[in-house]
Amino acid sequence: MTHIHPTYQERERKRFMRPDAHRFLRADWRSYMPLGRRHDPIFRSFEEIARKYRSNQPRVPRGNPNGGQWTSDAANGRNDPRVISDAVPDLVDPDTQYAQNRSRGGFASVFINGQRIEPTPGQQARLTVVEAQARDAIQRVKEFDPRWQPTPSVYESVEGLIRSYQSDVDQAQNRISELQQAGIGPGPFAGESIPARGPERDFISGERGEINRIGSETGCHTCGTMNPGTPLENFVLDHQPPTAWNPLNRSQRLYPQCWSCSSKQGNWISRNGGRR
Amino acid sequence: MLVLQFKAGKLDKPERWKALIMYTSKLIKPVNSLIFISDRAGGEIPAWQKDKQILWTNSCISVLCYPEQDGPTEVILGTGREIDPGFRARFDGMLEIPNCTVTVQNVTHESLLSMEVAEQIVRVRIWVNHPRWANKIVIGVG
């Protein structure tokens with residue numbers, strides 16, 4: 001009989017276990033397990049199913065676009081700054097020749113320079129995570145700047161492909177930060193906002209009062225200052241997305257903005273082509 | 001005819017002023033409280049700097065107006081010799097105008113005021129009535 005590596009068997013079992021597998025277990029299954037068999041693999045397996053998740057599975061930390069999601073990066077998880085769990089990840093021996101992966105989407109194989117390359121399970125997991133992060137980050141940029149594209153990277157290996165996706169994420173986040181600093185999109189200090197009646201600037205006193213109230217609590221949505229910088233100490237009622245920079249014609253909201261950030265926003269919009 | 005009447009002393013003072021001074025003006029509340037003075041085809045917008053009322057490149061000048069939510073700004077565009085208010089200009093420099101039409105635009109490049117000039121490089125002087133929150137901006141060309 002052909003020997004199948006137990007690590008591979010364990011991995012395959014995890015891959016194909018149904019998310020609701022715990023429903024197949026009887027609630028009193030523990031009473032049928034002898035005390036001496038607590039270290040038996042079947043007991044541990046049942047425990048895992050009953051818990052519905054693995055307690056030692058690393059997760060992407062808060063603040064990350066995929067924060068809170070499970071990641072199954074077996075190869076580099078412990079060195080990945082995004083992973084907050086210090087539990088020992090599942091071991092996948094890189095030197096072991098595993099059976100052919102059954103593709104269920106994702107990265108069962110990738111083509112690099114016309115060659116089909118099989119990523120390791122750890123690489124597959126990292127590719128899936130970083131590709132999703134890159135897609136989300138680019139999508140967020142394109143909401144305000146549809147013509148933006150990350151600079152393409154050249155790569156010759158799976159690790160290079162992963163670094164390429166990570167580069168896309170970094171570039172997209174830098175672009176979002178740059179846009180936010182220029183007043184494009186709700187800034188890092190954005191708190192409450194009120195719906196804009198339209199792109200017009202015929203604001204009513206109620207809107208002015210509400211924006212001044214929000215501004216006094218959370219400050220300028222772009223820089224956070226509590227000082228509007230205007231002679232009558234009124235915050236600027238800033239349309240977001242800006243009327244002159246609303247490529248997708250999304251509905252607008254009003255945020256408090258200081259006079260300095262408002263002029264910076266106007267300068268940026270004018271330098272970058274104005275109304276689109 | 002007006003010049004002859006002026007020389008002959010047949011126009012009283014206010015009428016003389018109105019008849020002889022060639023300028024256009026507008027009361028505006030520009031978006032982002034910002035206007036740009038450039039050729040009608042636009043120019044190289046100067047990079048933003050914090051707390052700078054007037055910024056410029058060889059082909060474009062940006063001027064901060066009175067904050068739009070607090071009130072309007074009167075912008076006056078005319079020949080420098082005629083609309084010089086008599087005190088030192090806040091800005092005095094040369095501006096490239098390839099199409100010989102000086103325009104005042106807002107951030108979306110909509111023309112607010114314009115004036116034809118004879119040369120492609122003209123002297124521009126700007127007078128403001130407040131060092132930070134000017135609600136009267138006088139732009140003298142030539």
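Take residue B:47 and tell me if it is closer than 25 Å to residue A:182 by Cα, part of a loop (DSSP other than H, G, I, E, B) and more than 9 Å from chain A (Cβ to nearest Cβ). No; evaluated as a whole, the condition is false for this residue. For residue A:232, state whether it is within 14 Å of chain B (Cβ to nearest Cβ) and either surrounded by fewer than 16 Cβ atoms within 10 Å (Cβ to Cβ) or farther than 17 Å from residue B:32 by Cβ (or both). So residue A:232 fits the description; yes.
Considering only residues in the range A:236-248 that are facing chain B (nearest Cβ under 8 Å) and modelled with pLDDT of 90 or more, the one that is surrounded by the most Cβ atoms within 10 Å (Cβ to Cβ) turns out to be A:236. Filtering the range B:17-44 to residues that are among the aromatic types (Phe, Trp, Tyr) and more than 12 Å from every other protein chain (Cβ to nearest Cβ) leaves B:17, B:23. Contact annotation: residue pairs with Cβ atoms under 6 Å, 6 or more positions apart or on different chains, pairing a residue in the range A:206-224 that is surrounded by 16 or more Cβ atoms within 10 Å (Cβ to Cβ) with a partner that is hydroxyl-bearing (Ser, Thr, Tyr), are A:219/A:225; A:221/A:255. The selection criterion, being at positive phi and either more than 14 Å from chain A (Cβ to nearest Cβ) or in a loop (DSSP other than H, G, I, E, B) (or both), holds for residue B:109. When A:251, A:260 are checked against the criterion of being under 19 Å from residue B:51 (Cα atoms) and either facing another protein chain (nearest Cβ under 10 Å) or part of a loop (DSSP other than H, G, I, E, B) (or both), a single residue qualifies: A:260.
Here's the yes/no breakdown for (1) of a type in the set (Val, Ile, Thr); (2) at negative phi:
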{"residue": "B:32", "(1), (2)": "no, no"}
{"residue": "B:48", "(1), (2)": "no, yes"}
{"residue": "B:70", "(1), (2)": "no, yes"}
{"residue": "B:75", "(1), (2)": "yes, yes"}
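The values are calculated or read from the model by the stated rules, or taken from the named source; none is laboratory data. A quick note: this is a predicted structure, and the numbers were derived from the prediction, not measured. All Cβ positions, glycine included, derive from the backbone under ideal geometry; neighbour counts span all protein chains shown.
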